[in-house]
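A.B. asks: So that we are looking at the same thing, I have put the structure below in structure tokens.
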Amino acid sequence: QVRLVESGGGLVQPGGPLRLPCAASGSVSSINTMSWYRQAPGKERELVASDSSLGSTNVADSVKGRFTISRDNAKTTLYLQISSLKPEDTAVYYCELSMGQYNYWGQGTQVTVSS
């Protein structure tokens, strides 16, 4: 079984930075893709950024330049670095791990951007 635990969310002022970690544990294959999604109130969940264990990363055009995805050297912790937070970044941020036909989700972490 695989477990994903996100953290780092909270109330943040506009313009501030934030880093969200997602720790993966359990039977994690060395070949996988980890991604960050977010879901704002009343909106569908959207893909923000993804990172493949084979070395490629993708960031959604809507957040490119402000969001950076990365992993630690052990490849078990995924990070989402956000700079210049905007009120429209308010959402629950979810971590997702994809291994072949299997997908796993974390419980999400709430990010609220407000002054």
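A.B. asks: Test Leu78 against the stated conditions and say whether it is modelled with pLDDT of 95 or more and within 22 Å of Ser27 (Cα to Cα).
C.D. replies: Numbers: modelled with pLDDT of 95 or more: yes; within 22 Å of Ser27 (Cα to Cα): yes.
Considered against the rule, which asks whether it is modelled with pLDDT of 95 or more and within 22 Å of Ser27 (Cα to Cα), Leu78 comes out as yes.
A.B. asks: Does the stretch 85-97 contain at least one residue that is open to solvent by 70 Å² or more (accessible area, probe 1.4 Å) and in contact with a strand residue (DSSP E or B) (Cβ under 7 Å, 6 or more places away or on another chain)? Working first, answer last.
C.D. replies: Step one: of the stretch 85-97, the residues open to solvent by 70 Å² or more (accessible area, probe 1.4 Å) are 86-88.
So of that shortlist, the ones also in contact with a strand residue (DSSP E or B) (Cβ under 7 Å, 6 or more places away or on another chain) come out as 86-87.
Yes; the residues of the stretch 85-97 include at least one that is open to solvent by 70 Å² or more (accessible area, probe 1.4 Å) and in contact with a strand residue (DSSP E or B) (Cβ under 7 Å, 6 or more places away or on another chain).
A.B. asks: Is at least one residue of the stretch 46-56 without any contact (Cβ under 8 Å) to a residue 12 or more places away in the chain and either open to solvent by 70 Å² or more (accessible area, probe 1.4 Å) or not β-branched (Val, Ile, Thr) (or both)? Before you say what the answer is, go through the steps one by one.
C.D. replies: Let us first name the residues in the stretch 46-56 that are without any contact (Cβ under 8 Å) to a residue 12 or more places away in the chain, namely 55-56.
Okay, now just the ones that are also either open to solvent by 70 Å² or more (accessible area, probe 1.4 Å) or not β-branched (Val, Ile, Thr) (or both), so 55-56.
Scanning the stretch 46-56, I find at least one residue that is without any contact (Cβ under 8 Å) to a residue 12 or more places away in the chain and either open to solvent by 70 Å² or more (accessible area, probe 1.4 Å) or not β-branched (Val, Ile, Thr) (or both), so the answer is yes.
A.B. asks: With the requirement that a residue be in contact (Cβ under 8 Å) with a residue 60 or more places away in the chain and open to solvent by less than 30 Å² (accessible area, probe 1.4 Å), what does the stretch 57-84 give you?
C.D. replies: Step one: list which residues in the stretch 57-84 are in contact (Cβ under 8 Å) with a residue 60 or more places away in the chain, which gives 79-84.
Of everything in the stretch 57-84, those that are in contact (Cβ under 8 Å) with a residue 60 or more places away in the chain and open to solvent by less than 30 Å² (accessible area, probe 1.4 Å) turn out to be Leu80, Ile82.
A.B. asks: Same structure again: Residues of the stretch 26-56 being at pLDDT below 95 and part of a strand (DSSP E or B), which ones?
C.D. replies: Result: Gly26, Ser52.
A.B. asks: Could you list, in sequence order, all residues of the stretch 13-36 that are closer than 14 Å to Tyr93 by Cα and either open to solvent by less than 50 Å² (accessible area, probe 1.4 Å) or of a type in the set (A, V, I, L, M, F, W, C) (or both)? Can you show your working first?
C.D. replies: Applying the first criterion (closer than 14 Å to Tyr93 by Cα) to the stretch 13-36 yields 18-23, 34-36.
Those that are closer than 14 Å to Tyr93 by Cα and either open to solvent by less than 50 Å² (accessible area, probe 1.4 Å) or of a type in the set (A, V, I, L, M, F, W, C) (or both): Leu18, Leu20, Pro21, Cys22, Ala23, Met34, Ser35, Trp36.
The values are calculated or read from the model by the stated rules, or taken from the named source; none is laboratory data. Computed from a predicted model, the values in this text were never measured in an experiment. Please note: Cβ atoms are built from the backbone with ideal geometry, for glycine as well, and neighbour counts cover all protein chains shown. Note: areas computed on protein heavy atoms with side chains; ligands, DNA, RNA excluded. Shrake-Rupley method; radii C 1.70, N 1.55, O 1.52, S 1.80 Å.
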